[in-house]
Structure formats: C-alpha cells, structure tokens
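The values are calculated or read from the model by the stated rules, or taken from the named source; none is laboratory data. Owing to the predicted nature of the structure, the values given are computational and were not obtained by experimental measurement. Cβ sites come from the backbone with ideal geometry, for glycine too, and all protein chains shown count toward neighbours. What goes into the accessible areas is simple: the full protein's heavy atoms, side chains included, and nothing from ligands, DNA or RNA. Shrake-Rupley method; radii C 1.70, N 1.55, O 1.52, S 1.80 Å.
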Amino acid sequence: MNEHEKTAKALKARLSELRTHLAKVDRELHKALPADSEDQAIELENQEALEVIEETETTEIHRIEGALKRISEGTYGACAKCGEPIDPKRLEALPTAATCISCSA
Ligand SMILES: [Zn+2]
C-alpha cells in the first residue's frame, strides 16, 4: 500500500471533476454565436472569461497529473529541485507541490 494513496485518491477525484467541468467549458466555447450583435458582444465577453477558466483548469490538470506520476514513481514528497523532503504541511495545503518552499521561492 502506497503511503500517498489517500492523496492520490483525492487528486484523482479532483482530476475527474476538472475534466468534466473543462468539457462543459469547451462546449460553451464552441457553440455558435447568437445572431443579435448585442447578444454576441455579451457572449464574446463570456467566452473570454471561459478561456481564462479553461487555461487555469488545464494548468491544474497538468499539475495533478504530474503529482500522480510522482506518487506512482515513488518520488512524491521529495523536492524536484534539491531532492529534500517537502514539508508535509506544504503538501497538505498544496498536494501538487513539486518543490520545497525554499526552491519555490
Ligand atoms: Zn527544494
């Protein structure tokens, strides 16, 4: 049993949540624009906001995938830069952290 199994489980749950949401955002982004120009302006603004969300969520997905990879490889919890163990409190607050506090600063 992996000591980070609980973290992996939580990360996987978050990952599927993000993917479901991202699929919705994606559908919104690709729907046809309304014919009315005023509605169109609103819709375009809405799409700009959605694009920001899409970007943020995609970044988070990549971070989670990275963390899950480190868990399966057994390198999770060690700083990717200096190799020192990452403070468990930091991992608790930020489970996808790849580096220790001093290296991330
Ligand atoms: Zn470090």
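Just a few scattered comments:
- For the pair A41 and T75 in one chain, pulling the backbone fully straight at 0.36 nm per residue adds 7.4 nm over the alpha carbon distance.
- Using a probe of 1.4 angstrom and keeping all protein chains present, the accessible surface of segment 15-105 works out to 67 square angstrom per residue.
- For segment 46-89, the normalised intensity computed at q = 0.15, 0.19, 0.23 Å⁻¹ comes to -0.52, -0.66, -0.79 (log10 of I(q)/I(0), Debye sum over alpha carbons, equal scatterers, no solvent).
- Taken along its three principal axes, the alpha carbon spread of segment 1-55 comes to 58, 15, 10 Å, from the longest extent down to the shortest.
- Pairwise alpha-carbon distances in the chain exceed 17 Å for 61% of all pairs.
- Of the trypsin sites (Lys or Arg not before Pro) found in segment 2-105, those that fall in a DSSP loop while having at most 15 other beta-carbon atoms within 10 Å are K31, K81.
- Only Lys, Arg (+1) and Asp, Glu (-1) charged, at Cβ; segment 53-105 dipole about Cα centre in debye: 280
- Reach of K81 by Cα under 28 Å, taken over lysines that are not fewer than 8 positions away in the same chain: K6, K9, K12, K69, K89
- Charging the Cβ of each Asp and Glu at -1 and of each Lys and Arg at +1, and nothing else, the dipole of the chain about its Cα centre rounds to 900 debye.
- Projecting label points 7 angstrom from Cα along Cα→Cβ for E3 and H62 puts them 3.0 nm apart.
- Accessible surface of the chain, 1.4 Å probe, proportion on carbon and sulfur as whole %: 54
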